[in-house]
Amino acid sequence: MAVTQPTSRGERYWGSAKQQEQEKLLEVRDDIHQAILDEVEPKLLDTLSEEALMERIRGTTAEIAQRYRLALTLKTRERLYAAVRAELRGFGPLQELLNDASISEIMVNGAGQVHIERYGKLELTDVAFADDAHVRRIIEKIISPLGRWIDETSPMIDARLPDGSRVNAIIPPVVRNGPTITIRKFAEDPLTPADLINFGSVAEDMMELMRACVRARLNIVVSGGTGSGKTTTLNVLSSFIPPGQRIITIEDAAELQLRDDHVISLESRPPNLEGSGEVTIRQLMRNALRMRPDRIVVGEVRGGEALDMLQAMNTGHDGSLSTVHSNSPRDTLSRLETMVLMAGTELPSRAIREQITSALDLIIHQTRFSDGRRRLTHITEVQGIEGDTITLQDICRFEQQGTDEDGAVLGAHAYTGLRPKFAEKLLTQGIELPAGLTQTWTG
């Protein structure tokens, strides 16, 4: 896939230097697409088998090519077939990128510029849309099955694809580049603990420590910046929940891929065109408490629902999990305190910090490094409160040791040697701690 900026629409889409010829092929693609829509209603297209659809595409392509008097090579015909099918049943020019498992993020910056993230690095692709209207059509195709809408009065939207990938779209007048789409892709098969160990994101005995903490029903928050791998880690932690427990997940857009047998997935809803019907994360949190949960998993805490989550953790719903955007374990506490205040409470800082200390047991912090790799950098225990300050203790952390000649970050995960307070809780439940942790204890 090219990583330099092409010079024409035809070159961007087809990767050819023959601009006039490729512009004509784009017109052919659009004409084939429109001819099929003129013959078959869009709703009926969905009822066609894959074989019947491709037969119609091939037949219409032959008719249009004859009209243009184009001599199409077999390779060009196949590309036309794929492009038209993507317009009819997929997501247009994005479909090929969505099918590429090595791509983790897709960023459409208007019709003529599409970037991707592959293995943590950004690349400019040779994919492009015909015009801004084409981008808008794809956005509508993504959100219409969800009963959502986007227009000048509501120019931003969060949605998801059928495979669970997260989509954000924003259109003019609030963006000057033209309609913009950002897609965070999720693999069909979630990453496993073994995958994260093999990638070097976490050490094996640290993974065993996290498994033990989940089994012991510690309340855990996964923190980190955007794109640091918080949702992936939350999925892995959720996989450690013993079978036979009722799990309630609460998210803005359903992204978690829990494989347990007893999972109830709740999703917030924006207001409709009349401004009514909104269901917030806070409302879902309160309702979840009436659903007899063994565990509550909140995809991301970003507002006043932080208070409801802390109260749930403090009222018998041990073993709850969530994620928070922050830059460090200490910053996570400040963020939680700020979000509690967003609930409109008049609680003093001391009372909020006591709530956080009582509710939260562990902070697992993620960082995305300059080489694009995501690593777990801290497993930190929330120990208590002294005066007005919450005391934290790192159990283990990633110690960076520089970079190599290719820019890859060097370092290793290591225990701090400090004995966590939760150790006794785990041992009394018969849950073994990693030998590597216990051997480092100095107290």
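The values are calculated or read from the model by the stated rules, or taken from the named source; none is laboratory data. Since the structure is predicted, the reported quantities are computational estimates derived from the model, not experimental observations. Backbone-built Cβ (ideal geometry, glycine too); neighbour counts: all protein chains shown.
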| query | For region 81-100, does any single residue satisfy the condition of being surrounded by fewer than 16 Cβ atoms within 10 Å (Cβ to Cβ), of a type in the set (Val, Ile, Thr) and either without any contact (Cβ under 8 Å) to a residue 60 or more places away in the chain or touching a His at 6+ places or on another chain (Cβ under 6 Å) (or both)? | reply | no
| said: Need a quick list: helices (runs of 4 or more DSSP H) entirely within region 42-103 having at least 3 residues that are at pLDDT 85 or above and not β-branched (Val, Ile, Thr). | reply: 50-68, 74-89, 95-99
| query | Going by the structure shown, is residue 246 touching a helix residue (DSSP H, G or I) at 6+ places or on another chain (Cβ under 9 Å), in contact (Cβ under 8 Å) with a residue 24 or more places away in the chain and under 27 Å from residue 288 (Cα atoms)? | reply | no
| field | Out of 191, 161, 146, 209, sole residue that is within 18 Å of the chain's Cα centre (by Cα) and farther than 19 Å from residue 103 by Cα | value | 146
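Among the listed residues 422, 369, identify the single one that is over 20 Å from residue 230 (Cα atoms) and of a type in the set (Phe, Trp, Tyr).
Values: 369 fails: over 20 Å from residue 230 (Cα atoms).
Unique residue meeting the criteria: 422.
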| request: Please indicate, with yes or no, whether at least one residue in region 381-389 is within 24 Å of residue 234 (Cα to Cα), surrounded by 18 or more Cβ atoms within 10 Å (Cβ to Cβ) and at pLDDT 95 or above. | output: yes
| query | So which residues in region 347-379 are hydrophobic (A, V, I, L, M, F, W, C) and not in a strand (DSSP E or B)? | reply | 347, 351, 352, 356, 359, 360, 369
| note | Checked region 380-398 for anything assigned to a strand (DSSP E or B) and farther than 20 Å from residue 323 by Cβ; matches are 383, 384, 385, 386, 389, 391, 393
| message | Pairs please, first residue from region 279-305 and assigned to a helix (DSSP H, G or I), second anywhere and of a type in the set (Asp, Glu), Cβ atoms under 7 Å, 6+ apart in sequence or on different chains. | response | 281/252; 281/305; 282/305; 282/308; 285/305; 285/308; 286/308
